[in-house]
1. Measure up Lys97/Lys358; Lys117/Lys358; Lys103/Lys171 against 21 Å on the Cα-Cα distance and list the ones that go over.
2. Accessible area of region 241-388 with a 1.4 Å probe: how many percent of it is carbon plus sulfur?
3. Given H placed on each backbone N at 1.01 Å, which residues far from Cys577 in sequence or on other chains put an amide H within less than 5 Å of it?
4. If a/c stays under 1.5 just call it rounded; otherwise compare a/b with b/c (prolate if a/b is bigger, oblate if not). Do that for region 170-245, with a ≥ b ≥ c from the square roots of the Cα gyration tensor eigenvalues.
5. Of all beta bridges DSSP finds with both residues in region 234-355, what is the antiparallel percent, to the nearest 5?
6. With unit charges on the beta carbons (Lys and Arg positive, Asp and Glu negative) and the dipole taken about the Cα centre of the chain, which residue among Leu423, Leu561, Gly373 sits farthest to the positive side?
7. For region 551-593, count the residues as N, evaluate 2.2 N^0.38 Å, and divide the Cα radius of gyration by that value, please.
8. From largest to smallest, what semi-axes in whole angstrom does region 585-624 give when each is the square root of 5 times an eigenvalue of its alpha carbon gyration tensor?
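The values are calculated or read from the model by the stated rules, or taken from the named source; none is laboratory data. In this text the structure is predicted, and so the values were computed from the model without any measurement. All Cβ positions, even for glycine, are placed from backbone atoms using ideal geometry, and neighbour counts span all protein chains on display. Please note that ligands, DNA and RNA were not included when accessible areas were found on the heavy atoms of the full protein model with its side chains. Shrake-Rupley method; radii C 1.70, N 1.55, O 1.52, S 1.80 Å.
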Amino acid sequence: MSQSATRQRVQLSNAVVRFAGDSGDGMQLTGDRFTTQSALAGNDLATLPDFPAEIRAPAGTVAGVSSFQLHFSDQDIHTPGDRPDVLVAMNPAALLKHLEALKPGGTLILNADAFEKRNLAKAGYATNPLEDGSLTDYQVHEVRLTDLTLRAIEDQIEAGELNKKEAERCKNMFALGLVSWMFHRPLGDTEAWLETKFAKTPELARANISALRAGRNYGETTEAFTYTYEVKAAKLRPGRYRNITGNQAVAYGLVAASVRAGLPLFYGSYPITPASDILHELSRQKHFGVSTFQAEDEIAAIGSVIGAAFGGALAVTASSGPGIALKAEAMGLALTAELPMVIINVQRGGPSTGLPTKYEQSDLLQVLYGRNGEAPLPVVAASSPADCFDATIEACRIALTHRTPVVLLSDGYLANSAEPWRLPEVDDLPDLRVEFTTEPNGEDGEFLPYLRDPVTLARPWAVPGTPGLQHRIGGLEKEDVTGHINYEAANHQRMTELRAAKVQKVADALAPTAVEDPDGDAEVLVVGWGSTAGPLQAACHELRRQGRSVARAHLRHIAPLPHDVDDILRRYPRVVCAENNTGQLAMLLRARTLVDVQTYNRVSGQPFSTSELVDAIASLGFGVGVAATAPQGSNGKVER
C-alpha cells in the first residue's frame, strides 16, 4: 500500500502558514507563490510579509530573518492570522525568532542541514534545539532541505550548469513543494511561473522546478507525515478576482481615476520604502497614458507634481513619513495655489528613518498639521489592500472636485500584504470628468482665478496657454476673487477661512458613516481607521460570538471628519479606539466630540492580533479581565 493511501486527509476551515529564513533564502517569493496557489484554489486569504530593512542583513542572525505569513480559509477572513499552524524555519535564527508564535502542537518543518555549530552560535543558541528537548510541544519534521535540494539537481551541478551555491538557493522551492503537497496544491502554475521568470536562464528554471518537484515527492514518499490537509474554496461574491497588494491597488486606482477623469496621469516621486512599488507598477502602465518621473529628491518630486497639476494633469506623488516631511513646504504651496493633486503617504515606523520595513499609523497628525500656517487638507485613509483601490479613487475625486491637494494614507502593512480583489466594472466607478475653464468669467471680460464655485468653493482650473486666462500663481497670499497678490489683514483672514471652509465642504457630500451594530443596542463602540480594520472586525466578531454586544465604526475620512461622527460616538455608553500609534485619532475625536474615548495603542512595528484586541476591548469596554499586561513596546499599553 502506498504512503498516500495510508495517510489521513484532514479537512480544515482555515490554516496559517509562516515561512521564515535568512533574508537571502527567498522567503518572500516562496510565500508569494504559496499565496497564488491558495488563491487559485479559491480560498479567501490575507498575508503578512515581514523582512529586514537592510538590503543584505547579517546572514544567519536573528536580525537578518525574513518571513512571510499566509492565512487562507474557506470563509471570509480579515487578518493574516495570529499564530501559525505550520512554521517552516530555514535556519536556527528563524526558529529562534518565530517559535514562540507557533501554536502549541503546531507543525514545525526545519532545515536540519542549517543546524550546525556556526549557525547556532550566530542565532544565539547555547544548545542545539534539535537535541535539547525544547521542541517537544510541536510536531517536528527535521528535513535536510539543503542536501535533498542538491541531490535533486545534482545532474545540473555535474554538468556545470550551476555551482553548488547557486543550487543551494533552490532549497526554498523544495520547501514550497513540500508545503504544497501538505495542502494538496498543484504545482503546474508555479512551474509555469518559474519558466517565465527564468526564461533567459533556463538552467535556473529547470533547477527550481526540480527542487519544487523533489519537495513534493519527499512528502509523498516519506513516512514522517501522518496527515495532509485540505482547505476548500471560499464562497465569495460572484465575479472575477485576482490577488492584489495595497501598492498595486493604489496604482490601479490612480489609472482608473485618470481614465474616469479623462486626464493624463502624472506620477512624480522619489524612491522610498514602502512606497516605491507604486512607482514600479505605474511605470508599466504607459499604454494608459501614464507618465512616471523618478526625481532626484522628494522636493523635486512634489515640485514636478505641482507643475503637472497646473498644466492640467491628474498629478500624484507618494512617499513615506520622512519624505512627507521634506515635501511639507511644497504641500503648502499647492494648497495656497489651490491645485488638485494627491499626495500618498505609505506610513512606516518613525521618527526619522525609523523602521523602514515595519508598520505604524503614526503620521496622522503629521499630514494634518505638519505645515506652516493654517494649512488644512482633506485626508483619506485606506483600510485594506483591496480598499486601497477605492480609497485612491475617492482621494482623486475630492482633489478634482474641490481643487485641493488631498492626502491618502496607506501604510507598510497594506502596501505589502495581499488579499483577493473583485475586479470592478469600469462603468460602476465614479464619473470624475472635469471641465477646464476656457473663457473669462468676469463681468467685464477679465479672468477671475479665485472666483469660486458656490457649492464646492473650488476655484477655476485654467490650463496655461489658454488665451485670455493668464493669472498669477505662487506662494504669496492672493486676493480673493482676483488672485492679485495681497498682504492686507482682512484679505488674509478671508482667504484662510475660505481654504478651511473648502475642506469642510468635502464632508457635505459624504455618505452616512457605516456602523456595524447587528442588534442595534451595543454597549461598546469600537472605532478605528486605516489598516486596523481587519483585526478590529475580527475582534468584534469574536466578542459577539462570546455574547458581548459591541458595535464598530471605521473612519475613511479623517479630515474633514464626517458630520455624523458626533452623534455616533455619543450614542454609545463606552467608546474604544485602537490605533498603531500613541492615540492620535482618539485625541482628535475627544477634541471634536468631548466623548471620553478609551484607547488601546501599540507601536511595535507589527499589526494588531485579533486576540490582543479581544482582550483589550473586553477590558476597556466591558471591564472584563486585564488587557495588554505585557510591557509596553512588546504587546502594548492600555490607558484608562
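1. As for pairs spanning more than 21 Å Cα to Cα, those are Lys117/Lys358; Lys103/Lys171.
2. Result for region 241-388: 57 percent of the exposed heavy-atom area is carbon or sulfur.
3. Answer set, sorted by chain and number: Val527, Gln598, Thr599, Tyr600.
4. Oblate is the answer for region 170-245, as a/c is 1.5 or above yet b/c matches or exceeds a/b.
5. Roughly 5 percent of the beta bridges in region 234-355 run antiparallel, per DSSP.
6. Checking the options against the dipole of the chain, the answer is Leu423.
7. 1.10
8. Square roots of five times the eigenvalues give 21, 15, 6 Å.
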